[in-house]
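Engineer: A single structure is presented below for examination.
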Amino acid sequence: MTLLINMVGIIILLIIGHSAANTFFRARISEELMQHEEPFKKETDDYTKTLLVLGDSTGAGVGASKSEHSVAGRLAEYLGATHVENYAVSGAMVEELTLQIQQAKLEKYDVILIQIGANDILAFHNAKRVAARLSNIFGTLPKADCVLLMSAGNIGGAKLFPMVMRPFHTMVNLAIHKEFARVAHGWKALYVNLYDPFWKDAFLRDPNRYLSRDGLHPSSYGYGLWFGRLKAVLEESQKQKT
């Protein structure tokens, strides 16, 4: 019996050690990707169609093989944007949007895209408090014909983190989505919900395709899926207006 208990203990320690090492090396890769981020932007004097991008590493397109493959790059192409400002910064949380907004050059944009919330989820921030802060920040945005708000996908399914953490991340994930959707509705913005339950999540079914090599950020294919969700929300909104 003692031998069996010892063997189980050793197995558990090996699993924990393997998970910790995997998390460490993927975190190093993630840090490397963020250091080489090149947010999609197109700052010109042609203001025919303007786009402002705010947010975290997903707004900056970390994990995409080219900045054009990020949600910002794909949205700019879809809109035919002639002027794109992108102030998204890796690691940014909701409260740091204020500093990004202060950098905006125009008083009005055709579209504002905000990709935020992932780092608040990772830090297990209280969803209601984060949402209250986000609502206040919405009141400081430049004018826009359309504001799009995107938060994180299913962070609980990311390969970067040990499986034991997944239920806790998922719980905060769902709370953030609920509160962000409420904030967006209150400000007449469009909310793009990227969360899918485990049994429907393409990132979980094929992580090697849809996640970048750090196991956390989307790959170019993953951003393609996210943009597809955004595009559907935009088209539905346009349909309702006609």
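Engineer: For the range 94-118, name all the residues that are closer than 19 Å to F180 by Cβ and buried (at least 20 other Cβ atoms within 10 Å of the Cβ).
Structural biologist: V94, L97, Q100, V111, I112, L113, I114, Q115, I116, G117, A118
Engineer: A follow-up question, please. Under 6 Å between Cβ atoms, at least 6 apart or on separate chains: pull out the pairs that start in the range 133-144 with a residue that is buried (at least 18 other Cβ atoms within 10 Å of the Cβ) and end on any residue that is assigned to a loop (DSSP other than H, G, I, E, B) and modelled with pLDDT of 95 or more.
Structural biologist: Listed by first residue and then by second, the contacts come to F138/W187.
Engineer: Identify all residues within the range 209-242 that are free of Cβ contacts under 8 Å to residues at least 60 places away in the same chain and over 25 Å from H185 (Cβ atoms); write none if there are none.
Structural biologist: Correct list: R209, Y210, Y221.
Engineer: Let me ask you something else. Only residues that are without any contact (Cβ under 8 Å) to a residue 12 or more places away in the chain and over 15 Å from the mean Cα position of the chain (by Cα): list them for the range 61-98, please.
Structural biologist: Passing the criteria: only E77.
Engineer: Answer yes if at least one residue in the range 181-197 is free of Cβ contacts under 8 Å to residues at least 24 places away in the same chain and buried (at least 16 other Cβ atoms within 10 Å of the Cβ), and no otherwise.
Structural biologist: yes
Engineer: Next question. Residue check: is N136 part of a helix (DSSP H, G or I), more than 15 Å from the chain's Cα centre (by Cα) and not small (G, A, S)?
Structural biologist: Values: part of a helix (DSSP H, G or I): yes; more than 15 Å from the chain's Cα centre (by Cα): yes; not small (G, A, S): yes.
Here the answer is yes, as N136 does meet what is asked.
Engineer: Which of the helices (runs of 4 or more DSSP H) found entirely inside the range 44-120 contain at least 1 residues meeting this: among the charged types (D, E, K, R) and touching a Lys or Arg at 6+ places or on another chain (Cβ under 9 Å)?
Structural biologist: Here the list reads 71-79.
The values are calculated or read from the model by the stated rules, or taken from the named source; none is laboratory data. Not measured: the values here are computed from a predicted model. Note that each Cβ is placed from the backbone with ideal geometry, even for glycine, and that neighbours are counted across all protein chains shown.
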